[in-house]
Amino acid sequence: MDVGGGSRMIIGAMQVPLEVYFHNVDRSAAVEADARARAEELERFAPDIISCRVTIEAPHRHSRKGEVYRVAVDIRVPGGEIFAGRERPDNPAHEDVYVAMRDAFDAARRQLQDRVRVVRGKVKAHEGPPHGTISELHPEQGYGRIATPDGRDVYFHRNSVLDAEFDDLRIGDAVWFSEEPGDEGPQASTVHIAGKAQG
């Protein structure tokens, strides 16, 4: 297979079989097996998954030392789509492809959990998810804060931003998010951009 241009392996027994793509990475049966096991775990948690596509990519094929893998997970569910793992590949832990895989699937699971809570009525859909505006950004430390309409201050990490690049965020951007308790108060497990700041 042409590993430089990308290769694909279809495995599993979903409504649409699991697809695993490799870009600038040699195809690996062990990595495919890891992706399959993690996808099957998600399927047990959310059996209505229609399809799951996993892309494993190494941006710098010719620089083997310090190579950072990027794993993206794209899941289709009834009425929507979930993307995880799109953050920039600057996490040194992601030199291990299995760590990058774990983190991408963990992010996908958090989004599926949010969806399941809404579907099961644990969150009243008409109330909508928590929302606010970005009040602080600290690119060097990789985190920011969200100001909510009820006056709270919610921490978020760069890896929690799911549909935009952290470095493209601006103070005043409108967001909605999923909240969980953190070590130092509330924090956002996932952050979605609802609108860009004017100006």
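Looking at region 129-195, I'd like the Rg to Rh ratio, where Rg is from alpha-carbon atoms and Rh is Kirkwood's inverse mean 1/r.
On the way: Rg = 10.3 Å, Rh = 11.4 Å.
Rounded to two decimals, Rg/Rh equals 0.90.
Please sort 71-78, 182-189 by packing, taking for each peptide the average over its residues of neighbouring beta carbons within 10 angstrom, highest first. Could you put the intermediate results ahead of the total?
On the way: 71-78: 19.8, 182-189: 14.6.
Top to bottom by mean Cβ count within 10 Å: 71-78, 182-189.
FYI, it's all coordinate maths here, none of it is from the lab. These numbers were taken from a predicted model, which means no experiment stands behind them. Virtual Cβ from ideal backbone geometry, glycine too; neighbours counted across all protein chains shown.
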